[in-house]
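Asker: Take a look at the following structure, please.
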Amino acid sequence: MKRRNLFLAAPALISTINLGSKPAAAQVQPTQEWSTLTYQPMVLQQQLAANQQVIFDKPFGHFFKPDMTVPTEAAKMLLRGPLELEQTLSPSVADINRLLDLAYKPIERGYALLEGDTLYVQSRTFFPGAHTDMLKWWFVWHPVENERYMLWYPFAHVANAIEDSVRLKNRSLSYEERLYNNPNYVTEYIGTTPIDIVINFKDPVELGFDKAALAKSGFTASASGTVSNSFVPDGVSSLMVHLGRNIDGGMELINRYWIGSHPELNRLRPKGESFKEKIVKMIAPKMTIDTCYEMAVHDMIEFHHLAQILPTLYQEFGQQS
Ligand code: ZN
């Protein structure tokens, strides 16, 4: 068994987190207990040291914060084992649209291995004092330099490049025009495994979300798309959903990931049997319940960390592209 003892019960009070000057921060649950991450695999410690070498003299270097915390309850949720299958969603059009139903109340955080050896992760993260404009800004600001991407997860994020950086930086265009169909080339660690992926952010309607339901649900930011592995760049190995909406005191972000050969992912893939076989052979055997858990931990850490730095980062660099 691999060591899973990621968190020491050493809570840090929410008041230690810099929430900026927004009055909304007062609405954060004051009694929520936070835990410091006290375990990182050796390869991630080495990556942190390498990242520190290149980021320290950047103007945003003071936002590089290796002391990372997560809500203790969030970490405990992931220690309860995989979700039951009825608590999960498939990547079908019908299922992803349940996310837009205000009556749908899923378990906040969890993971499972679905059919087709498909990794599945679900999460909801609260961003105190943030709003969806900040999230949109983040997704067009950070791919410009590797070092910006490192802020998000100082131990595990290595590099991020954008296909068309001129379009990405063009402030006369909308967020959607800048980011969608403008591939991001990402290198990061999930657990101890280095991965090279291509993220193709797309209009959520193109991914199967209902336009009217999307508007009604209040989600005003989407950073959702398909993902390919660099060794099958013409393919689609996953569907990734990030939907943000403004709520009392901040923003909530709803995330879902499906990685593997789930039959419902075929609707997002180029046609052709040989292509599907290639995906099944290369991706599916790599997906195990261990990789599901590691992905859930990665998501929990990076989005809670982003939630802690985003309002003040935006305050300082929000006018920069
Ligand atoms: Zn990441």
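The values are calculated or read from the model by the stated rules, or taken from the named source; none is laboratory data. Everything numeric here is computed off the predicted structure, so don't read it as measured data. Because the Cβ atoms are built from the backbone with ideal geometry, glycine has one as well, and the counts that use them run over all protein chains shown. Note: accessible area is taken over every heavy atom of the protein model, side chains too, but ligands, DNA and RNA are not part of it. Shrake-Rupley method; radii C 1.70, N 1.55, O 1.52, S 1.80 Å.
Asker: Ignoring everything except DSSP H segments at least 4 long, calculate the 222 nm mean residue ellipticity for the chain; use -39,500 (n - 2.57) per segment, divide by total residues, nearest 500. Present the calculation step by step, with values, prior to reporting the outcome.
Answerer: Numbers: 10 runs with 99 residues, N = 321.
Value at 222 nm, helices only, nearest 500: -9000 deg cm²/dmol.
Asker: Of all the accessible heavy-atom surface of the chain, with the other protein chains kept in place and a 1.4 Å probe, what percent is carbon and sulfur? Kindly include the intermediate steps, with their values, before the conclusion.
Answerer: Details: 7560 of 14120 Å².
The C+S portion of the solvent-accessible surface of the chain is 54 percent.
Asker: Applying a 10 Å radius around every beta-carbon, put 229-236, 240-247, 254-261 in order of their mean neighbour count, most first.
Answerer: On the way: 229-236: 15.4, 240-247: 20.4, 254-261: 23.5.
In decreasing order of mean packing, 229-236, 240-247, 254-261 become 254-261, 240-247, 229-236.
Asker: Multiplying the sequence separation of residue 205 and residue 58 by 0.36 nm and subtracting their Cα-Cα distance, what value in nm do you get? Intermediate results must be reported in sequence, preceding the final value.
Answerer: Numbers: separation 147, 0.36 × 147 = 52.92 nm, distance 3.73 nm.
My answer for the length gained is 49.2 nm.
Asker: Considering all projection directions equally, how large on average is the shadow of the alpha-carbon convex hull of the chain, in square nanometres? Could you put the intermediate results ahead of the total?
Answerer: Details: hull surface 64.0 nm².
Reported value for the Cα convex hull: 16.0 nm².
Asker: Could you give the nm distance between label points at residue 33 and residue 215, where each point is 7 Å from its Cα heading toward the beta carbon?
Answerer: In this crude label model, residue 33 to residue 215 measures out at 4.6 nm.
Asker: A follow-up question, please. Per residue, what accessible area does the chain have, given a 1.4 Å probe and all protein chains present, in Å²? Please list the in-between numbers first.
Answerer: On the way: 14120 Å² over 321 residues.
Using a 1.4 Å probe on heavy atoms only, each residue of the chain averages 44 Å².
Asker: Find the centroid of the Cα atoms in the range 88-112 and in the range 152-214, then give the distance between the two in whole Å.
Answerer: About 22 Å separates the Cα centre of the range 88-112 from the one of the range 152-214.
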